[in-house]
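The values are calculated or read from the model by the stated rules, or taken from the named source; none is laboratory data. A quick note: this is a predicted structure, and the numbers were derived from the prediction, not measured. Positions of Cβ are backbone-derived with ideal geometry, glycine not excepted, and every protein chain shown enters the neighbour counts.
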Amino acid sequence: MNKVFLCKETLPEETRAALVPADVKQLIGMGYEVAVQSGAGTKPGYTDAEYAAAGASVLQTADEGFLSADIVVRVNKPASPDGLREGALHVSSFDVFNEKPAVQAFADAGVRLVSLEMIPRTTIAQKMDILSSQASLAGYYAVILAASRLPKIFPMMMTPSGTISPARVFVIGVGVAGLQAIATAKRLGARVEAFDTRPVVEEQVKSLGAKFVKIDLGEMGQTEQGYAKELTPEQIDIQRKAQAKICAQSDIVITTAKVFGRKAPLLLTKDMVAQMKPGSIIIDMAVKTGGNVEGSNPEKDILLGNGVLVIGGDSLERFVPRDASNMFSGNITAFLSHFWDAESKSFKIDTGDEILRGCLITSEKKIIHEKFI
Ligand code: NAD
């Protein structure tokens, strides 16, 4: 298995490419053969000529690529496995928890499905972690987006014409995206507060110069992989009440609170949003997984009657497609390199490897991942 095909994304809103020319060159240097669908890199700014110069062959259609590819790579899952060869490995993000019929369709078609979100969050797999690479860019961009829509500036300014107070930013959920949002808001001069249910986060928040909001939810902790545990309805109620006042005083609230494989908790109710100041902005980065904010919408921004703007901030990394593609491509290249077997000059399907065991969902016409059988 050494023929890799980079497929052009089909979602109109997608701006990224799963492999960039520098990484194509690296893979070819290792022994892979790479083909690229014409135009795959256009949106992040890479031309067919750059891929060709890196050593890839450029094909006009996806079907041509599927015919010979052992490994198909792309950012998003396709609508169906149609056209893919039996026995081929398909590597992309997949949202497997919410796409069970699609997973079954891949199993039925005999396509081996790798879901990149399922790569275990271990130290050795860190460089393959698309969740982290994309979330850090999304967290950065959430602040840039909010700053561009806010009717005030971020830093404090003392001038002969008057003193401007700093913008107040509240970040709820301080994982990878939340940490970048805090760092970016601090760099721009805002006064930043943050909350997360995982106690380990407090030190990280403080080290960025932000204030950690203390809310007593009882014993919390985190899962082995560093994820949050799901709250009880009573705990969510305590959290909402404790946060309401901070939201009311904030110019920007960025929510990133997610619980892996489950619906995101609803943390800002309509009543809480109604108490916020006119001109304030909420960005709900969990909008696609259920939403942290009541009424947020992934398709459109909503300007409420009280002048609060609610932005459904899904996949904000798509606004910085160059860096997002470079990082996504780096993750895929690390994955393909890890399983390269120099002796057989091939990708080695090693199900004894904990990384592949964690992310290989289907094989031999069956769903093989323990979480989905
Ligand atoms: P995520 O996207 O699943 O969740 C975002 C944040 O929301 C998390 O910090 C979570 O604790 C928080 N959250 C959940 N419910 C909440 C609530 N009710 N109120 C407030 N916050 C809530 O998580 P993520 O950003 O992908 O990663 C979380 C953590 O995983 C990281 O901070 C890190 O510790 C760990 N991690 C480890 C590795 C590794 O070891 N390779 C890689 C990446 C992340």
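Of the residues making up the stretch 282-296, just one is within 11 Å of the ligand (Cβ to nearest atom) and surrounded by fewer than 24 Cβ atoms within 10 Å (Cβ to Cβ), namely Thr289. Number of residues in the stretch 119-169 that are in a loop (DSSP other than H, G, I, E, B) and of a type in the set (Gly, Ala, Ser): the value is 4. Just to check your reading of the model, which residue among Ala79, Ala40 is within 27 Å of Glu99 (Cβ to Cβ), assigned to a loop (DSSP other than H, G, I, E, B), in contact (Cβ under 8 Å) with a residue 40 or more places away in the chain and not charged (D, E, K, R)? Sole residue among the options that is within 27 Å of Glu99 (Cβ to Cβ), assigned to a loop (DSSP other than H, G, I, E, B), in contact (Cβ under 8 Å) with a residue 40 or more places away in the chain and not charged (D, E, K, R): Ala79.
For the stretch 65-89, how many residues are over 18 Å from Asp23 (Cα atoms) and within 25 Å of the chain's Cα centre (by Cα)? The number of residues fulfilling the criteria is 7. Scanning the stretch 264-281 for residues that are surrounded by fewer than 23 Cβ atoms within 10 Å (Cβ to Cβ), away from the ligand (no atom under 16 Å from the Cβ), free of Cβ contacts under 8 Å to residues at least 60 places away in the same chain and in a loop (DSSP other than H, G, I, E, B) yields Gln275, Lys277, Pro278. The residues of the stretch 152-185 that are of a type in the set (Gly, Ala, Ser), within 17 Å of Ser136 (Cα to Cα) and more than 8 Å from the ligand (Cβ to nearest atom), listed by number, are Ala181, Ala183, Ala185. Of all residues in the stretch 182-213, those satisfying the criterion of being small (Gly, Ala, Ser) and either crowded, with 18+ Cβ neighbours inside 10 Å or touching a helix residue (DSSP H, G or I) at 6+ places or on another chain (Cβ under 9 Å) (or both) are Ala183, Ala185, Ala190, Ala194, Gly209, Ala210. With respect to the conditions (1) within 22 Å of Ala177 (Cα to Cα); (2) without any contact (Cβ under 8 Å) to a residue 40 or more places away in the chain; (3) surrounded by 15 or more Cβ atoms within 10 Å (Cβ to Cβ); (4) not β-branched (Val, Ile, Thr), Glu299 lacks only one, and its number is (3).
So, of the residues in the stretch 86-98 that are out of contact with any strand residue (DSSP E or B) (no Cβ under 9 Å at 6 or more places or on another chain) and surrounded by fewer than 16 Cβ atoms within 10 Å (Cβ to Cβ), which turns out to be farthest from Thr289 (Cα to Cα)?
First, the residues of the stretch 86-98 that are out of contact with any strand residue (DSSP E or B) (no Cβ under 9 Å at 6 or more places or on another chain): 86, 97-98.
Remaining after also requiring surrounded by fewer than 16 Cβ atoms within 10 Å (Cβ to Cβ): 86, 98.
On the way: Glu86: 32, Asn98: 9 Å.
Going through the qualifying residues, I end up with Glu86.
Hey, can you tell me all the residues within the stretch 158-181 that are over 15 Å from Asp251 (Cβ atoms) and aliphatic (A, V, I, L, M)? So that I can check it myself, show each step before the final result.
The initial filter retains those residues of the stretch 158-181 that are over 15 Å from Asp251 (Cβ atoms), namely 158-163, 173-180.
Met158, Val174, Val176, Ala177, Leu179, listed by residue number.
Under 7 Å by Cβ, and 6 or more places apart or on different chains, what pairs join a residue from the stretch 186-198 that is aliphatic (A, V, I, L, M) and within 16 Å of the ligand (Cβ to nearest atom) with one that is at pLDDT 95 or above and in a helix (DSSP H, G or I)? The qualifying pairs are Val192/Ile182; Val192/Ala185; Val192/Lys186; Ala194/Gly178; Ala194/Ile182; Ala194/Val205.
I'd like the residue in the stretch 100-127 that is away from the ligand (no atom under 16 Å from the Cβ) and surrounded by fewer than 15 Cβ atoms within 10 Å (Cβ to Cβ) and, out of all such residues, is nearest to the chain's Cα centre (by Cα). Taking the candidates together, the pick is Lys100. For the stretch 231-248, what are the residues that are in contact with an Asp or Glu (Cβ under 9 Å, 6 or more places away or on another chain), more than 12 Å from the ligand (Cβ to nearest atom) and not β-branched (Val, Ile, Thr)? Residue satisfying the conditions is Ala244 alone.
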